[in-house]
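Sharing a structure here in structure tokens format.
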Amino acid sequence: MQAYSQGFAHVYNTRWGGYAKQVAPLILDFYSSTKIGQKNKSVLDLCCGTGQLAVHFLQKDFKVVGIDLSEHMLCFARENARQYVETGQAEFLKGDASDFTLDKRFGLVVSTYDSLNHLEDEQALRRCFQCTHAVCNGYFIFDMNTRHGLKRWNSIQVDQASEDALIITRGIYDGKSDRAWTKITGFVRASNELYQRFDETVFNTVFELERVKNALLDAGWKDVHFARIQDLKTPITEPEKEGRVFIVASK
Ligand SMILES: C[S@@+](CC[C@H](N)C(=O)[O-])C[C@H]1O[C@@H](n2cnc3c(N)ncnc32)[C@H](O)[C@@H]1O
């Protein structure tokens, strides 16, 4: 279980929401070009984080439900999408991606920024695929870090570009095992001009992509392919050679 902490949620919202903003229009374009995407404007954002992807879909008149394990991340999501939460177009719920049920059904289920690498093992991933299959009438699109991509994590980055925070990120991965770690330490300037420290340790589980595909098929998903975000329609044949890969599944 990896619910992001309060300090990290604040930093995530201000610094790391950009990825979701970047990929959201490309996912939306793909989905809108499908048969179901032309009539069904409902999306479940699994591991929605601080809600940047959700806001993009909301601006395009989609109904959005976001699920995340972290109440701190959900607080930012609700704030970022406040006008839509107030009208009932959006709701953000605390839940586990590998163990949830909803009464609503969606045309699209999406999960971005390698969130599903946060699941503990293949059993949890399989449960997640069953949960998504049960609530989706159309497409399930998510991205994952590959083993190849996680090898690049082995580094230390210091972000001191602005005065309001200093963030040190350490990636640790031996390249062989099924778990890569990131330890993030941050000092964030508080209103009293003092800096408040937070520490966050998260892991990414390495999933062999052929096993991911088989797990999706076992859960009842019909067409499954790997793709790059720039062209979600076109299958790629060597996904393990990518740093990050998108998985597109449909019913
Ligand atoms: C890397 S962030 C991605 C957030 C967002 N999807 C984005 O693209 O910016 C991963 C998110 O997954 C959430 N998370 C981790 N494990 C989860 C689980 N089992 N169920 C639901 N959310 C989870 C974390 O709290 C965090 O908000």
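Would you mind checking which residues have amide H under 5 Å from N154's amide H? H placed 1.01 Å from N; only 5 or more apart, or other chain.
Placed amide hydrogens put Y173 under 5 Å from N154.
Here is a further query. Could you compute Rg(Cα) / (2.2 N^0.38 Å) for the chain, with N its residue count? Mind dumping the intermediate values first?
Numbers: Rg = 17.8 Å, N = 251, 2.2 N^0.38 = 18.0 Å.
Dividing the Cα Rg of the chain by 2.2 N^0.38 Å gives 0.99.
For K63, which lysines qualify as cross-link partners when the Cα separation must be under 26 Å and same-chain residues fewer than eight apart are set aside?
Straight-line reach from K63, under 26 Å: K21, K35, K39, K41, K94, K104, K222, K233, K251.
Restricting to the chain, compute how many DSSP beta bridges are antiparallel as a %, nearest 5.
Here the share of antiparallel DSSP bridges comes out near 65 percent.
Roughly how compact is region 58-125, stated as its Cα Rg over 2.2 N^0.38 Å to two decimals? Spell out each step's value before the answer.
Details: Rg = 12.8 Å, N = 68, 2.2 N^0.38 = 10.9 Å.
Compared with the compact-globule rule of thumb, region 58-125 sits at 1.17.
What is the Cα coordinate range of region 194-247 on the first, second and third principal axes, sorted by size from largest, in whole angstrom?
On the principal axes, region 194-247 reaches 53, 26, 18 Å in Cα extent.
A follow-up question, please. If you take all C-alpha pairs in region 149-205, what percent of them are over 15 Å apart?
On the way: 834 of 1596 pairs.
Counting every Cα pair in region 149-205, those more than 15 Å apart make up 52 percent.
If you don't mind, there's one more thing I want to ask. Out of all DSSP beta bridges in region 18-106, what portion is antiparallel? Express it as a percent rounded to 5.
Details: 1 of 11 bridges.
Antiparallel: roughly 10 percent of the beta bridges in region 18-106.
Hey, another quick one. If I stretch the segment between R179 and E210 completely, what's the gain in nm (0.36 nm per residue apart, minus their alpha carbon distance), one decimal?
Numbers: separation 31, 0.36 × 31 = 11.16 nm, distance 1.75 nm.
That pair, R179 and E210, stretches by 9.4 nm at full extension.
How much FRET efficiency would the formula 1/(1 + (r/R0)^6) give for D61 and Q157, where r is the Cβ-Cβ distance and R0 is 41 Å, rounded to 0.05? Let's see the in-between values first.
On the way: r = 38 Å, r/R0 = 0.93.
Efficiency, rounded to the nearest 0.05: 0.60.
If you take the Cα atoms of region 65-205, find Rg, then find the Kirkwood Rh from the mean of 1/r over all pairs, what is Rg/Rh?
1.02
To continue, here is another question. Quickly rank 139-146, 219-226 as a protection proxy: mean count of other C-beta atoms within 10 Å, highest first.
139-146, 219-226
Could I ask something else about it? Where Lys and Arg each count +1 and Asp and Glu each count -1, what net charge lies around F100 among other residues with Cβ under 13 Å from its Cβ?
After counting each charged neighbour, the total is -2.
Which of the peptides 30-43, 183-196 is most tightly packed, and how do the rest follow, judged by the mean count of other Cβ atoms within 10 Å per residue? Show your work: numbers first, answer last.
On the way: 30-43: 16.4, 183-196: 13.4.
Taking the mean over residues of other Cβ atoms within 10 Å, the ranking is 30-43, 183-196.
Counting only protein heavy atoms and using a 1.4 Å probe, what share of the accessible area of the chain belongs to carbon plus sulfur, as a whole percent?
Details: 5830 of 12180 Å².
Of all accessible area on the chain, carbon and sulfur atoms account for 48 percent.
So, one more: Can you tell me which of K233, K176, K21 moves the most in a GNM of the chain? Springs connect C-alpha atoms under 10 Å apart.
K176
The values are calculated or read from the model by the stated rules, or taken from the named source; none is laboratory data. The model shown is predicted, which means the values in this text are computed figures rather than measured ones. Backbone-built Cβ (ideal geometry, glycine too); neighbour counts: all protein chains shown. Quick note on the areas: whole protein, heavy atoms, side chains included, nothing else; ligands and nucleic acids left out. Shrake-Rupley method; radii C 1.70, N 1.55, O 1.52, S 1.80 Å.
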